[in-house]
1. Quick one: which residue in 29, 10 is at pLDDT 95 or above, acidic (Asp, Glu) and on the phi < 0 side of the Ramachandran plot?
2. Look at residue 65 and say whether it is in contact (Cβ under 8 Å) with a residue 12 or more places away in the chain and over 20 Å from residue 6 (Cβ atoms).
3. Are any residues in region 20-36 over 17 Å from residue 55 (Cβ atoms), in contact with a helix residue (DSSP H, G or I) (Cβ under 7 Å, 6 or more places away or on another chain) and surrounded by 17 or more Cβ atoms within 10 Å (Cβ to Cβ), and if so, which ones?
4. Taking into account only those residues within region 80-106 that are of a type in the set (Ser, Thr, Tyr) and modelled with pLDDT of 75 or more, which is nearest to residue 22 (Cα to Cα)?
5. For region 70-100, give me each residue that is closer than 22 Å to residue 6 by Cα, assigned to a helix (DSSP H, G or I) and without any contact (Cβ under 8 Å) to a residue 40 or more places away in the chain.
6. Which residue out of 21, 45 is modelled with pLDDT of 95 or more, of a type in the set (A, V, I, L, M) and more than 11 Å from the chain's Cα centre (by Cα)?
7. Looking at the structure I just gave you, is residue 29 over 19 Å from residue 9 (Cα atoms) and either assigned to a loop (DSSP other than H, G, I, E, B) or under 11 Å from the mean Cα position of the chain (by Cα) (or both)?
8. Among the residues of region 1-18, write down those that are over 13 Å from the mean Cα position of the chain (by Cα) and of a type in the set (Ser, Thr, Tyr).
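The values are calculated or read from the model by the stated rules, or taken from the named source; none is laboratory data. Quick caveat: nothing in here was measured; it's all calculated off a predicted structure. FYI the Cβ positions are ideal-geometry reconstructions off the backbone, even for glycines, and counts take in every protein chain you see.
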Amino acid sequence: MSQPWPPPPDLVSIQELVRAADPQGFLKDGAPADEYDPEEREFFADIAELPPEELLATTLLPILESIWTDAFSLDEESLAAVRPALLSLAKEVERFFGPDSKPRTRTQILADEQEDKLPPS
């Protein structure tokens with residue numbers, strides 16, 4: 001029996017995406033890997049039951065902004081500074097779980113990541 005595509009978000013994947021995004025830069029500065037655990041769990045709980053059609057960056061960004069504002073007591077200026085990282089995170093969640101996500105092998109994912117790192121031609 002085949003599973004539906006795209007798969008629903010799972011906590012481990014959300015944790016990996018948040019940690020890779022490191023919106024506050026804490027992990028880069030040496031914080032423990034679980035630094036964002038409460039925010040990851042809250043975000044996962046907020047999106048776990050959303051259908052793929054709603055897992056769009058435009059839907060996800062306000063959720064992330066609300067979580068980050070509350071968790072880190074961000075004012076508008078501080079939120080504006082972290083917004084690009086949150087938008088990038090929202091786009092990654094959409095890419096993996098949104099309506100246009102496609103099944104890909106690990107090799108394809110790594111190749112895409114390498115292509116993203118190349119300077120524009």
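1. Numbers: 10 fails: at pLDDT 95 or above.
So the residue among 29, 10 that is at pLDDT 95 or above, acidic (Asp, Glu) and on the phi < 0 side of the Ramachandran plot is 29.
2. On the way: in contact (Cβ under 8 Å) with a residue 12 or more places away in the chain: yes; over 20 Å from residue 6 (Cβ atoms): yes.
Judged against the criteria, residue 65 is a match.
3. So in region 20-36, the residues over 17 Å from residue 55 (Cβ atoms) come out as 20, 22-36.
Going one step further and asking which of them are in contact with a helix residue (DSSP H, G or I) (Cβ under 7 Å, 6 or more places away or on another chain), we end up with 23-24, 26-27, 33, 36.
Passing the criteria: 23, 24, 27, 36.
4. We begin by selecting, within region 80-106, every residue of a type in the set (Ser, Thr, Tyr); these are 88, 101, 105.
Checking which are modelled with pLDDT of 75 or more leaves us with 88, 101.
Numbers: 88: 10, 101: 23 Å.
Once the filter is applied, the top-ranked residue is 88.
5. Passing the criteria: 87, 90, 91, 94, 95.
6. Details: 21 fails: more than 11 Å from the chain's Cα centre (by Cα).
Result of the check over 21, 45: 45.
7. Judged against the criteria, residue 29 is a match.
8. 2
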